[in-house]
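I have placed the structure first, in the form of structure tokens, so that the comments after it can refer back to it.
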There are 2 protein chains.
Amino acid sequence: MSTVKDLTHLLSDEAKSRRNSPLKTAFKYFNDPNVVFLGGGLPLSDYFPWNKITVESPAPPFKNGIGATPSTAEEKIITEVSKNAAENSRSDDIPLSRSLQYGHTGGQPELLNFLREHTQLIHKIPYSEWDIIQSIGNTQSWDGVLRTFTNRGDTILVEDFSFPSALETANALGVIQFPIPTDDFGIIPEKLAETLDNWVGAKPKLLYTIPTGQNPLGSSLSADRRKAIYKIAQKHDFIIIEDEPYYFLQMDTYTKDVEARQGKAVHSHKQFIDALVTSFISIDTEGRVVRLDSFSKVLAPGTRFGWIVAQKELLQSIIKLHETSIQSASGFSSSIINGLLNRWGQDGYIDWLIGLRAEYTHKRDVAIDAIEKYFPKQVTHYNPPVAGMFFTVQFDASKHPNFATEFDSDPLKVETALYEKGLDAGALLIPGSWFTAKGQTNPPQKPQPVDEATKNHIFFRGTYAAVPLDQLVLGLERFGKAAHQEFGL
Amino acid sequence: MSTVKDLTHLLSDEAKSRRNSPLKTAFKYFNDPNVVFLGGGLPLSDYFPWNKITVESPAPPFKNGIGATPSTAEEKIITEVSKNAAENSRSDDIPLSRSLQYGHTGGQPELLNFLREHTQLIHKIPYSEWDIIQSIGNTQSWDGVLRTFTNRGDTILVEDFSFPSALETANALGVIQFPIPTDDFGIIPEKLAETLDNWVGAKPKLLYTIPTGQNPLGSSLSADRRKAIYKIAQKHDFIIIEDEPYYFLQMDTYTKDVEARQGKAVHSHKQFIDALVTSFISIDTEGRVVRLDSFSKVLAPGTRFGWIVAQKELLQSIIKLHETSIQSASGFSSSIINGLLNRWGQDGYIDWLIGLRAEYTHKRDVAIDAIEKYFPKQVTHYNPPVAGMFFTVQFDASKHPNFATEFDSDPLKVETALYEKGLDAGALLIPGSWFTAKGQTNPPQKPQPVDEATKNHIFFRGTYAAVPLDQLVLGLERFGKAAHQEFGL
């Protein structure tokens, strides 16, 4: 076990100025049998108009797939949670009288226990002073992390193409987003090192990255790149924010050989866990990683339930922010999710995740097969994703016959033309430039030299997550034909 | 109908810098039948592991009181919400496939419709361009409002004693909280006017007030005071934030005459609505009020569901913040609350609120009876609350026999002594000074002249909401005896 580093010097003015309420000193008498406590403003749970919730869910091992509607009793699992613990209640349920009351900003203990056990199983964090707090999803976690670490005018590091909502969160808080070059496999560690070795002015406090199934790039960082990036973080004293909503949408590697696909699928729990990519938190010897986890892609976005894994000291600062903002996740969400997960157990949850892996692997295969079939090979490049919801297809705009004439040698003009041509043909993919991270410090950093090999590349982002497979193929066929036409092929 | 005023000049730098995502322009093709939309990253609802939720609640008219556990079928109402709308679904239910999906940051239409109808019934807002958006409770709404309107270093107006969490939210954002004097009936309009007429430097943008059942004071502003304050807001161009979690914990006025109490209770829906105090939003002719509403005290805090009522233009700025932070309330909360409210109907909901009024009126009566009986009249003053969860008891510290000697004529030292004496006797009430709002602008405003009549007054805040009635009486008896002892009476 390694020892955690004190990183409180990286906290924001907002986080540093948060005070403890004097009321907290009184709350230690809340359960004192000798004291009648007239200090708190809690409504009586007698007046909560929900006496019992019953929820129907699929039961492990999900042998017909995770998307199948359970029909037999054996395929169903029933979660029943009452206002007050009843005779037939499970001891790991969260009664509604507690989940629907104030309190537990960090999270309900039963659910945190499940998640701690899950986290240890998956990530085997190499220091002991880590913990978990709840959030209401990674969008809110990221907003909270920015408020906890950055002031207006501070700079953070981001992938050169990133999730627009995450960039906008930083933008509105007045935080400069400095882009780091990426390739098919995400952030290029050498470029990151070079950038920071030559950095002018106050160093960035955070690197924000979506390391697995990056949005929009669809790329995933290898274990080696993660280790190299972690060393750079140690050298330049910044925190790595790993935003990992897609972590469990990892897939078997793509193969054109349809017969070989079956053989590549993971089946056992051990195979599944071993096949997962090394997370930043799993190599975090110093407590320098803040991991944002979420049920949005694994169970459902509307649970509005996520969690943050980090060293305890830093989590305390985020809890203080949550106390005066979100307070806690929904009690319905907490009781229902906790009820389901404890009934499934850690093993049943892994069964679910294995099922999810199979679904996404198949969708990805269908998408890549269609790209392979319909897109003009002469001008395109793609790297089949191994995680996430997104694929990208790159085009060499300079190969457009009218590049130097009609398009003034501007690749973005080709991008617009191709987007519109696709739309006319009845298929919408998102132009890559819409995800561009832009930001410059003052004084400015030294510009990256122009890469002659890639300067005319454009790309489009598509998803295989949200559409039925026949539509997916149809959409890609249409876009591929439009591309042939646009490039005169 | 009056016309709404453009108040966008009061927006914060953060709100002004929020940009629209280019992705939004693509989303107009989301439901276009001619376009295969591969643009969005939504998980399929087939993979949400919740097929059906069934919730048991009490049914109107709650004739045994709102705290009674329903036993007969007639006393129960069952809300059943499925993943996909089924044959027996109600058309006003929110299916889980939608509530658990991304989207609807402003709120699910069915629930917003119910709340709009409710708002119109209660407040009869005098301009037409108002609307409602969801939040996850007033603590988060207030955080969002501060971010939408204030920059670090800005000043807001607050009651001289206020909710510590709300003050801390502003403090951490670097917003100065300038206190306005209050008396038994809340903010004193003349003092507010005087303060602003003599204001030095940039005017405050907001007045933050808990007008009904104020925390900690227990006071409620009269309709006349609200009208006077609204005029001052018009004159000095600030926005009134009315934080109203206790609005429906209004009670019949206190009477010592036990027999007369029955006669004062409201029974009909019309009586109930007519008896409600005039809200700021109901006299808001210009769209200058932002009302924060919540189910926390009316249904349950853990719903983490609240809503903001204001002019549409200002709400748009808050929605943009929500898109990159909380995203939305929990889908479970939305489906369950909406299911219950629509089954109750507007009338059933009013029945519930009438039941709540009866419960709180009774609790308040028990508390005030006990104060009347056990507290030393010679040194105390109280004003029976007509709303909320809290009562306060004022003490004249200068009447302490050792005021000038042991306590150096410092009322706060008497407060501490009395707090500790109460605690030793087994009763905890919160010292009023813990709620003090402190804040001074730079350059400073002219200090309020010291009020000789009240300068030695201290107070304690207690609640009748959270404890069984026998404990409430026992606690007040203990504290009253401790006060007698401390003051040598």
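The values are calculated or read from the model by the stated rules, or taken from the named source; none is laboratory data. Just so we're clear, the structure is a prediction, and the values are computed from it rather than from any experiment. When we count neighbours, we look across all protein chains shown, and the Cβ atoms used for this are built from the backbone with ideal geometry, even at glycine. With ligands, DNA and RNA removed, areas are computed over all heavy atoms of the protein, side chains included. Shrake-Rupley method; radii C 1.70, N 1.55, O 1.52, S 1.80 Å.
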Got at least one residue in the stretch B:319-331 being in the same structural domain as B:LYS16 (by TED's automatic domain parsing) and more than 30 Å from A:GLN134 (Cα to Cα)?
no
I need the full set of residues from the stretch A:319-349 which are acidic (Asp, Glu) and crowded, with 24+ Cβ neighbours inside 10 Å, in order please.
none
Return yes or no: is B:SER71 under 18 Å from B:ILE53 (Cβ atoms), free of Cβ contacts under 8 Å to residues at least 60 places away in the same chain and over 30 Å from the mean Cα position of the chain (by Cα)?
no
What's the total number of residues in the stretch A:193-234 that are surrounded by fewer than 22 Cβ atoms within 10 Å (Cβ to Cβ), part of a loop (DSSP other than H, G, I, E, B) and of a type in the set (A, V, I, L, M, F, W, C)?
3
Might you let me know whether the stretch B:252-270 holds any residue that is away from chain A (no Cβ under 14 Å) and open to solvent by less than 10 Å² (accessible area, probe 1.4 Å)?
no
So B:ALA172, is it assigned by TED's automatic domain parsing to the domain that holds B:ARG291, of a type in the set (A, V, I, L, M) and without any contact (Cβ under 8 Å) to a residue 24 or more places away in the chain:
yes
Picking from B:LEU476, B:LEU423, which residue would you name as being out of contact with any Gly (no Cβ under 8 Å at 6 or more places or on another chain), at pLDDT 95 or above and farther than 30 Å from B:ASN198 by Cβ?
B:LEU423
From the set of residues in the stretch B:419-440 that are more than 11 Å from chain A (Cβ to nearest Cβ) and open to solvent by 30 Å² or more (accessible area, probe 1.4 Å), which is farthest from B:PHE390 (Cα to Cα)?
B:GLN440
Would you be able to tell me the number of residues in the stretch A:154-174 that are more than 11 Å from every other protein chain (Cβ to nearest Cβ) and either more than 21 Å from B:SER325 (Cβ to Cβ) or open to solvent by less than 20 Å² (accessible area, probe 1.4 Å) (or both)?
8
Residue count, the stretch A:441-478, condition part of a loop (DSSP other than H, G, I, E, B) and within 14 Å of chain B (Cβ to nearest Cβ), comes to 5
Could you give every pair whose Cβ atoms fall below 9 Å, whose first residue belongs to the stretch A:41-60 and is within 30 Å of B:PHE460 (Cβ to Cβ) and not assigned by TED's automatic domain parsing to the domain that holds A:SER334, and whose second residue is part of a helix (DSSP H, G or I) and open to solvent by 10 Å² or more (accessible area, probe 1.4 Å), counting only separations of at least 6 or pairs across chains?
A:LEU44/B:GLU359; A:SER45/A:SER97; A:SER45/A:ARG98; A:ASP46/A:SER97; A:ASP46/B:GLU359; A:TYR47/B:GLY355; A:TYR47/B:GLU359; A:PHE48/A:SER97
Show me the helices (runs of 4 or more DSSP H) entirely contained within the stretch A:1-118 in which 2 or more residues are at the interface with chain B (Cβ under 9 Å from one of its Cβ atoms), out of contact with any Pro (no Cβ under 7 Å at 6 or more places or on another chain) and crowded, with 17+ Cβ neighbours inside 10 Å.
A:13-17, A:96-99
Please determine whether any residue of the stretch B:367-388 is within 12 Å of chain A (Cβ to nearest Cβ), open to solvent by 20 Å² or more (accessible area, probe 1.4 Å) and within 20 Å of B:ALA482 (Cα to Cα).
no
Can B:SER333 be described as away from chain A (no Cβ under 14 Å), under 20 Å from the mean Cα position of the chain (by Cα), of a type in the set (Gly, Ala, Ser) and part of a helix (DSSP H, G or I)?
no
